[in-house]
1. Can you name every residue in region 335-362 that is buried (at least 23 other Cβ atoms within 10 Å of the Cβ) and charged (D, E, K, R)?
2. So the check is Cβ under 9 Å with 6+ separation or different chains; which pairs have a first residue in region 312-323 that's over 19 Å from residue 299 (Cβ atoms) and a second one that's among the small types (Gly, Ala, Ser) and not in a strand (DSSP E or B)?
3. Collect the residues in region 392-430 that are acidic (Asp, Glu) and touching a residue at least 40 places away in the same chain (Cβ under 8 Å), keeping them in residue-number order.
4. Suppose we keep only residues that are in a loop (DSSP other than H, G, I, E, B) and open to solvent by 90 Å² or more (accessible area, probe 1.4 Å) within region 554-586. Which one would you say is farthest from residue 533 (Cα to Cα)?
5. For region 384-494, which helices (runs of 4 or more DSSP H) that fit wholly inside it have 2 or more residues that are touching a helix residue (DSSP H, G or I) at 6+ places or on another chain (Cβ under 8 Å) and open to solvent by 20 Å² or more (accessible area, probe 1.4 Å)?
6. Under 22 Å from residue 206 (Cβ atoms) and in a loop (DSSP other than H, G, I, E, B) - does that describe any residue in region 344-366?
7. State all residues of region 187-217 that are out of contact with any Leu (no Cβ under 6 Å at 6 or more places or on another chain) and β-branched (Val, Ile, Thr); if no residue qualifies, say none.
8. If you check residue 589 against the conditions, is it touching a residue at least 24 places away in the same chain (Cβ under 8 Å), crowded, with 16+ Cβ neighbours inside 10 Å and under 30 Å from residue 376 (Cα atoms)?
Amino acid sequence: MSTAGPGGLLAAPAREGLVSPEPGIVNPPGYLASPMKVRIAASASEAEAAAIAEALARHVGEEVEILREDGDEVVLSVSPPEGAEAAAAADTAGGADAAGGADAATEADAAAETAGSAAPAEDDDDLGPTERERALREEIAEIESGGKEKYKDQLPDQGKLFVRDRLDLWFGEDGFLFEDGKFAEFDAEDVLPADGMVTGGATFEGRDVHFMANDYTVKRGSMAAKGVEKFLRMQQRAMKTGQPVLYLMDSSGGRIDQQSGFFANREGIGKYYYNHSLLSGRVPQICVMYGPSIAGAAYTPVFADFTIMVEGMSAMAIASPRMVQMVTGEDISMQDLGGPAVHTRESGSADLIARDEEHARELVADLVSYLPDNCDEKPPRTTGSSPARSPAGIDSVVPEDPNRGYDMGNVIERVVDADSFFELRPEFGPEILTGFARIDGRTVGIVANQPAHRAGAIFPDSAEKAAQFVWTCDAYNVPLLYLTDTPGFMAGSQVEKEAILEKGKKMIYATSQATVPKQCVIVRKAYGAGIYAMSGPAYDPESTIGLPSGEIAIMGPEAAINAVYANKLAEIDDPEERAEREQELREEYREDIDVHRMASEVVIDEIVPPSDLREQLENRFAFYEDVEKDRPDKKHGTII
C-alpha cells in the first residue's frame, strides 16, 4: 500500500514491481526502465515535489518524473546526480531492493518535511489557539479582574478608578506595551492577583516610560515580597534603559503579617529608596498619589523628582492617624495629618494638587514635555511662539517705587512663550516663583522673586524650594533664568528658628554648583545675600543684565541711612531739617546703587530696555546653549 507523506505527498514501495490501487509510484510490475514515474497529491507544492524527486533520483540512480494524482502530465523531471547510478546498482546487487525502496520513501518523506517547514502547507492556515492557550487566557483575565469585590465596591465612593482602568486612562490600549510579574502569587491560598502591583513598560505622550501602579483591591494596595521584587526590577531596568519612571501610588504600606519576607532584606522594601537615590538625577521620577501612602509607602513620593496629589483621595504620612493617636494621644484625620493641603502648603513635599484622575494625567503630560528622558539628553525643543503679552509693557508693570509690590507673573508672561509657564509648588514658599517655561521653544527653569508676597524677601521655605528646583533643573540640563527683585533674606527670631541660614546656604550652594547656562536679570531690587542666591555676577551666570529700575546694594536706602547716619541725624533738633537731610542722604545712596553705576563699574554686563528683554534672553540662551562648565574634581560636597 502507498503511504501518505508530509504535505499530502503519496509514495509507494513500487520499485520492486508492486502496483498500488492508490496514487503513488505508477510503474507496472516488472517494469525496470527509466524514467521512474511518481504520482503526488494535487495539493503538494512545487518545492515539495522537487524534494521528493531529488531524493528518489539520488537513491535509485534513475531519472524521476513527477505526475499529479489528478492527471497524466509530467510536471517535473529530475535526473540522478553523478555516481548515483553505480551506488544504486551496488544496492541492488546486495539484494537490498526492498529495503532501498523503503529507504527512498523515508528519504522522500524527510525531504518533503524539510521543504514543508520552509513553505507551510495551505491547510495549516486554519490552525488556531489550543485549549492550553485558552486556559492561559482565562487565568490572565482572572488576574486582571483584581482583588476581592468588597474592595472594588469601595472605589466609586472614593472617586477612584480600578488600577487597570487607570492604566488605560494613562496609556490607552496601544500605549500599554507589556506587564511584568502578572502571575506573582498566582498559587497563593489568599486572593492576591499580581500581588497587588502592576509593573511594566508603556508609551506616554510619545515617550517610553517604566511604570508601577498599586492595586487597591488587593489588600488596599499593601506591599509584600513578590510585589517588592517587581518594584525593584522595574527600578533596576530603568537604570539600564535611561527612561523616566511613573509611580502611580495607592498603597497602605507593607503587610505587617508578612514583614519577614521583605522588610529588612537586602532586596526588600528598603532597597526601594536605595534605588530611588541611584535614579535621582539619572531619569525623571514622577509620582501621582491616588490614596493614602503610609510609612514606607510615603517615601516614594518624597524621593520622586515631582509629586502630584489627587484632591479628596490622597494623603501621605509617616504613620496612620490610628498610630499617631496611640503614640502621641493626638486625635487627627488623615487629611489633616497628611492631605494635599498639608504637603503643598506646609511641608513642600508635593508639587501640585490635581482635581481628579483625569487632571492628574494632564498635569504630568504637561510636565514631561519640559523634561529629557535622562541626564544625558537635552530637554525637548518645540516651535517657539511670542509671549502672551507684549514685552513693551514690562516697564509699566515694574513700579518706580522700589517698595511697592507687584506680581512678577506679569513680567514672566511678557518674556516667555505664550502659555508655557508651568509653575511648581505655587503655594509653598510663595515669595519665590519656580517653574518651567519656554523661550523661543527652548525649555528654561525660572526662579523669580515675588514682590506680591512679603515684598519678595527670601524665607526659609522659599529658599529650600528654590534650592531643590535649581538642583533638579541642573540634573536634567534645563537652563536657568533668575528674575531678581528681593530685599534679601528675611531677618528675625522666627526665621532663625526655622533655619534661614541653613536653608539659605542650600539655595546658594545649588546656584553655585549648577553647570547649566544661567541668565540673571536685575528687575528691581537685588539687596544683601539675595543677589548671591539669585545667581548674581559672582555665581558664574552667562550674563547679568539689568533693567533701568534695577538696584544692587548690601541693603536698601532706608536701612543703610539708619545704620550709617543714625547718630548724626539724631543731632539735628529741627524735625523738618532732619527729614530733609535724611531724604538727601537716601537719594545720594540710591544714586550709588543704581544699575547705571553698576554698569559703569562693569559689575553687570548690560542695561537693556525692558521692551527688548525677551529678545535679549532669546539670543543669549541660544548663544550659550552648548556652554560647558567645570567644577572641582571631588567626590561630592558636604552640603545637602
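1. 351
2. The qualifying pairs are 312/159; 312/339; 313/159; 313/291.
3. The first filter runs over region 392-430 and keeps only residues acidic (Asp, Glu), leaving 395, 400-401, 407, 413, 417, 419, 423, 427.
Across region 392-430, the qualifying residues are 395, 400, 407, 427.
4. First pass over region 554-586, keeping only residues in a loop (DSSP other than H, G, I, E, B): 554-556, 571-574.
So of that shortlist, the ones also open to solvent by 90 Å² or more (accessible area, probe 1.4 Å) come out as 554, 571, 573.
Details: 554: 13, 571: 38, 573: 42 Å.
Filtering region 554-586 for residues that are in a loop (DSSP other than H, G, I, E, B) and open to solvent by 90 Å² or more (accessible area, probe 1.4 Å), the one farthest from residue 533 (Cα to Cα) comes out as 573.
5. On the way: elements: 394-397, 409-412, 460-475.
Filter on region 384-494 gives 394-397, 460-475.
6. Checking region 344-366: not a single residue is under 22 Å from residue 206 (Cβ atoms) and in a loop (DSSP other than H, G, I, E, B).
7. From region 187-217, those out of contact with any Leu (no Cβ under 6 Å at 6 or more places or on another chain) are 187-200, 203-208, 210, 212, 214-217; that's our starting set.
Across region 187-217, the qualifying residues are 191, 198, 199, 203, 217.
8. Against the criterion (touching a residue at least 24 places away in the same chain (Cβ under 8 Å), crowded, with 16+ Cβ neighbours inside 10 Å and under 30 Å from residue 376 (Cα atoms)), residue 589 does not qualify.
The values are calculated or read from the model by the stated rules, or taken from the named source; none is laboratory data. What you are looking at is a predicted structure, and each value in this text was computed from that prediction instead of being measured. Note that each Cβ is placed from the backbone with ideal geometry, even for glycine, and that neighbours are counted across all protein chains shown. For accessibility, only protein heavy atoms count, side chains too; no ligands or nucleic acids. Shrake-Rupley method; radii C 1.70, N 1.55, O 1.52, S 1.80 Å.
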